[in-house]
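> Pasting a structure here, questions to come.
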Amino acid sequence: MSEQIYDEQIAPKLLELARICNTHGMPFLATVEYAPGDYGTTADMPADRSLPMDWAYVAARSRGNADTLIMHMMRQAEERGHGSICLKMLGVAVAPAASGVEVEG
């Protein structure tokens, strides 16, 4: 019953909100757990989204798989840079590799 409520009542409203956000150039992300372990996610994520928004999107899509989330975070941090102590401890450079900036650690 919960999935039907999500599909019929909630998802269409979330899609409407996503379209409004898209019109104004804002990323949109909403995840609903309609039953334990069962999720519905509505997202409109432009390519130029911020790193935290990207990570939130991947977290929502990972379905609780920490490895999926962490590996994605590491890849994105390598490309875009980061300020995470934990990622630095995992060996991910703070500055993006393409930046040419050397960071002492």
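> Give the residues of segment 71-86 that are in contact with a helix residue (DSSP H, G or I) (Cβ under 8 Å, 6 or more places away or on another chain) and either more than 10 Å from Val58 (Cβ to Cβ) or among the hydroxyl-bearing types (Ser, Thr, Tyr) (or both), sorted by residue number.
Once the filter is applied, which keeps residues that are in contact with a helix residue (DSSP H, G or I) (Cβ under 8 Å, 6 or more places away or on another chain) and either more than 10 Å from Val58 (Cβ to Cβ) or among the hydroxyl-bearing types (Ser, Thr, Tyr) (or both), segment 71-86 yields Met74, Ala77, Glu78, Glu79, Arg80, Gly81, His82, Ser84.
> Could you list, in sequence order, all residues of segment 1-35 that are of a type in the set (Ser, Thr, Tyr) and under 23 Å from Arg49 (Cα atoms)?
Thr23, Thr31
> May I ask you to list the residues in segment 65-98 that are closer than 30 Å to Pro36 by Cα and either in contact (Cβ under 8 Å) with a residue 24 or more places away in the chain or in contact with a strand residue (DSSP E or B) (Cβ under 7 Å, 6 or more places away or on another chain) (or both)?
Gln76
> Of the residues Arg61, Arg80, which is within 13 Å of the chain's Cα centre (by Cα) and at pLDDT below 95? I'd like the intermediate steps shown before the answer.
Values: Arg80 fails: within 13 Å of the chain's Cα centre (by Cα).
Testing whether each residue is within 13 Å of the chain's Cα centre (by Cα) and at pLDDT below 95 leaves just Arg61.
> How many residues are in a helix (DSSP H, G or I) and in contact (Cβ under 8 Å) with a residue 12 or more places away in the chain if we restrict to segment 5-60?
Final tally of qualifying residues: 20.
The values are calculated or read from the model by the stated rules, or taken from the named source; none is laboratory data. These numbers come from a predicted model, not from an experiment. Every residue, glycine as well, gets a Cβ built from its backbone with ideal geometry; the counts of neighbours run over all protein chains shown.
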